[in-house]
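Before any comments, here is the structure.
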Amino acid sequence: MAAKIGAINWVIEISLLGGLVIFAKLPSWFWFLYTGIGILCASSFYILHKTGISERFKDPTLALPHLLIVCANQFLGLFLLPQLNFLFLIRIIEGAAYGLFLLTVRQYFILFLTFAIGLAAFIIFGASIAFPTSTLAVKILLYISLILTIGRLIFGSIYLDFLRSRLVATNKDIKESEARFRALTDLSSDWYWEQDADFRITRFESGRASKDLPPEMLIGKRLFESGITVKTPGGWEAHKAQIMAHQSFRDLVLHFDMPDNHDLYISVSGEAMIDNDGVLKGYRGVARDISEQKRADARIQHLATHDGLTGLPNRVMYNQMLSVAVQSALRYGGSFAVLFIDLDRFKFINDTLGHEAGDQLLKEISTRFRQTLRASDIVARLGGDEFVVLVPQVHEKKEIAVIARKIVDAAIAPFLLQGQECRVTASVGIAIFPDDAQDELTLTKSADIAMYAAKEAGKNNYQFFSAQVRSYALERMALETNLRQALERNEFTVYYQAKRDLASGAISGVEALLRWQNPELGTISPAQFIPIAEETGMIVPIGKWVLRTACRQNMAWLREGLPPVCMAVNLSVRQFTDDHLLLDIAAILEETGMDPRLLELEITEGLVMRDPAKAVTLLAAIKKMGVRLAIDDFGTGYSSLAQLKNFPIDTLKVDRSFIREVATNASDKAITEAIIAMGKTLCMTVIAEGVETEEQEDFLRQNSCDQMQGYYFSKAVLPEEFATLLRTHHAIPLPEDSSSTQFPA
Ligand SMILES: Nc1nc2c(ncn2[C@@H]2O[C@@H]3COP(=O)(O)O[C@H]4[C@@H](O)[C@H](n5cnc6c(=O)[nH]c(N)nc65)O[C@@H]4COP(=O)(O)O[C@H]3[C@H]2O)c(=O)[nH]1
């Protein structure tokens, strides 16, 4: 609407000027007046253009109609009045100023005022001087022109007023939007930032963001030249390539090494500001302090890669480090070693003193290992009581031997756990890269194999990996793997070896001895597999199975009409520490219906001497059930008579190592005599194991030994064979009060 009014105004004005020129011959000085007005207009336009009063508002609706109107009018005038060419030139400049330069409202207003004043000046002064003897028609035309000029001023004012109100509204919108933005940035803990086209930070502000990063630290700087580290893959080069291509970027992670030695991480995202002509004006975006998140990530990472109890690297991290060591050794040459450590007797301490004590031991031993080794050596805990040490840069085997010895020595020093002094030992297996293995997995496995060899060699020592160690360990592993399935595959059989009463020659009892027949490995001796079963804990279910089988067999013989015999069953250390032992024995007796007095449990001296106080309680409980107790392999342990009298033992089994040369060797003879005498003193039945000859048997009989067991009378045989034996060698009846054998309190 306003543009239309302006257009009509212009049409009338130009028509009047045309009339002026037609009705009067303009004198030459008239042109000078116009030249003056033109210079005034051009200079004011130039000043406005230079000062650029307001950049915010440029309105094409203001300028374009004027450009069209002014140009159309002036070309029309030029066509009608060629002598006014200079005036037209000025008007074209005016139109161009409106149209091409997209003036601001204020600029437009000044320009408009200049032209209007110029025109009024021309009409009032110029025309009155130019036409002193003017006709009535000229005078009328002048007055109309003056009125219209005033009208144009009024219309222009209305138009400008409308524009101004629009500008005010727009400014209000802008202010509101600005206020909203401010409120958001004030509330936000993020920063808002801007960069100029040269990528220098021009703005960096936030209401609540960390005060660690004051804007002064960044204003005027280019991020990639300020010594800041970028943590995003590709680094600054990738970022620079992005911004050079005017691309947006997200989550660029910057790291600031702050003066007080703490790490500040910020994540920056931004987008390019491009003007209508496609020219880059700069970048703007947000930034967020992610230091806390980074710290949390680091904590999670630490938890994922470190053992929670000891703080040592865990298996995950060990594998990563081993991988790096292998890669670097492959690339740069050199050799390094892996030492696999397993604590001997740790399980026993854990079982007897509890997990807390076990944990404390693990923590203390970790600290010892760490203190013993160099900072460059990596100590990791793989789990349980397994540790591993990675020694980078090995030149000679003996260097590793020194380290292994240090580890063994560090482990054996006593610990004070719950007021008790405890000891563990360490078995260490060593594998060297690249001699023993060329990849991570095989290397660790080789060290593990060598560790097994160290255990087999008596524990508390170290062993280097070798082909021999390997074949031995593989054999052992095959045994272990097969043993795990032996029970469910029914590969076990119980054989029975008779015990003979030396006075009467009758069968006085029988011992159940386990046999393992594996389709791949053949017949495996208990001496080979029982220790593995003990170590792995498999002895608990296996031992239970033997006990049940032996009791069932004994009952089967009874049902066949054979005389009752006392069934001896071996009890291992691990079974003895099993919490369910008593319940299991009671349940099996109940289930098979066997008289408890027909059962004798054979335990070793070592077993009771580990924890005599506990052993006394447990043995008393077993005894209370009516079950007999025997000490197996007697003489090989360190039990003294004083200790032995505290245990509710019925039978002493003299170890076969003394019997082997009892007839010829004076000291074996003396020991055997002493054991027999001691057993008698304590009202125990004494039985000699491993009797293979008549001389041995004669000696034992002459020395009042009660019973014998050995190949001389019978090997361990299958149940049917034992039944035959029993038929021909009647068992001696059990003493009535056998279950209440006297023993000192
Ligand atoms: N040279 C010689 N040896 C004789 C003679 N008489 C018997 N033996 C052997 O001596 C071992 C006696 O068993 P042990 O001392 O309890 O020693 C047993 C026992 O400690 C363990 N064992 C066997 N069966 C079981 C079981 O069911 N449970 C547990 N925990 N251990 C068992 O394995 C060990 C070895 O058992 P075996 O190989 O059956 O060997 C048996 C038996 O066959 C002889 O005159 N000469």
task: Given the peptides 373-383, 643-653, 427-437, arrange them by the average over their residues of other C-beta atoms within 10 Å, most packed first.
output: 427-437, 643-653, 373-383
message: Please list 3J(HN,Hα) in residue order for region 287-293, calculated via the Karplus relation 6.51 cos²θ - 1.76 cosθ + 1.60 where θ = phi - 60°; whole Hz, with x for glycine and proline.
response: 9, 9, 6, 10, 4, 5, 4
query: So what does log10 I(q)/I(0) come out to for region 191-296 at q = 0.15, 0.17, 0.21 Å⁻¹, using the Debye formula with one equal point on every Cα and no solvent?
result: -0.60, -0.77, -1.18
task: Using 0.36 nm per residue of separation minus the Cα-Cα distance, give me the extension gain between A586 and Q702 in nm, one decimal.
output: 37.9 nm
task: For T425, list long-range residues whose amide hydrogen, built 1.01 Å from N in the peptide plane, is under 5 Å from its own amide hydrogen.
output: D344
- line: Protection proxy (average C-beta count within 10 Å per residue), highest first, orders 449-457, 398-406 as 449-457, 398-406
statement: Both in Å, the radius of gyration and Dmax of the C-alpha trace of region 284-379 are 18.6, 67
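Taking square-rooted eigenvalues a ≥ b ≥ c of the alpha carbon gyration tensor, is region 188-246 rounded, prolate or oblate, where a/c under 1.5 means rounded and, failing that, a/b exceeding b/c means prolate? Could you put the intermediate results ahead of the total?
Working: a/c = 1.91, a/b = 1.56, b/c = 1.22.
Prolate shape, in that a/c is at least 1.5 and a/b is the bigger ratio.
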message: Please list, by residue number, everything in region 362-396 whose backbone N is under 20 Å from a paramagnetic label point 7 Å out along Cα→Cβ of Q438.
response: 393-394
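At 4 °C and 1.567 mPa s, what whole-number value in µm²/s does Stokes-Einstein give for the translational diffusion of region 508-642, with Rh from the Kirkwood sum over Cα pairs? Write out the running numbers ahead of the final one.
Numbers: Rh = 15.8 Å.
The estimated diffusion coefficient comes to 82 µm²/s.
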- request: Fewest Cβ neighbours within 10 Å first, please rank E600, E421, E205 accordingly.
  value: E421, E205, E600
statement: Applied in sequence order to region 589-599, the curve 6.51 cos²θ - 1.76 cosθ + 1.60 (Karplus, θ = phi - 60°) yields integer Hz couplings, x standing for Gly and Pro, of 4, 5, 5, 8, x, 7, 5, x, 5, 8, 10
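What order, most packed first, do the peptides 674-685, 537-548 have when packing is the mean number of other Cβ atoms within 10 Å of each residue?
On the way: 674-685: 17.8, 537-548: 19.4.
Ranking the peptides 674-685, 537-548 by packing returns 537-548, 674-685.
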- prompt: Which values of log₁₀ I(q)/I(0), to two decimal places, follow from the Debye formula for region 607-707 at q = 0.12, 0.14, 0.18 Å⁻¹ with a uniform point scatterer at every Cα?
  reply: -0.39, -0.52, -0.81
statement: Surpassing 32 Å at the alpha-carbon level, of the pairs K499/K624; K459/K623; K406/K653, are K459/K623; K406/K653
task: Report the residues of region 531-567 in range of a label on R315: point 7 Å along Cα→C-beta, backbone N strictly under 19 Å from it.
output: 536-537
Karplus-derived HN-Hα couplings along region 253-266 (A = 6.51, B = -1.76, C = 1.60, θ = phi - 60°), whole Hz, x at Gly and Pro: 8, 10, 10, 10, 7, 6, x, 7, 6, 9, 9, 10, 10, 10
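Contour minus end-to-end for R222 and T693, with contour as 0.36 nm per residue of separation and end-to-end as the Cα-Cα distance?
Working: separation 471, 0.36 × 471 = 169.56 nm, distance 9.93 nm.
Residue separation times 0.36 nm, minus the Cα-Cα distance, leaves 159.6 nm.
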message: Can you list residues from other chains, or at least 5 along the same chain, whose modelled amide H is less than 5 Å from the amide H of R200?
response: none
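Over the Cα atoms of region 308-465, Rg to Rh with Kirkwood Rh, two decimal places?
Numbers: Rg = 15.2 Å, Rh = 15.6 Å.
The Rg/Rh ratio comes out at 0.97.
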- prompt: How big is D for region 484-732, in µm² s⁻¹ as a whole number, if Stokes-Einstein is applied with the Kirkwood radius of its Cα pairs at 10 °C and 1.306 mPa s?
  reply: 86
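Every number here is computed from the coordinates shown, using simple stated rules; none is lab data. This is a predicted model, so every value here is computed, not measured. In this analysis, Cβ positions are derived from the backbone assuming ideal geometry, glycine residues included, and neighbour counts consider all displayed protein chains.
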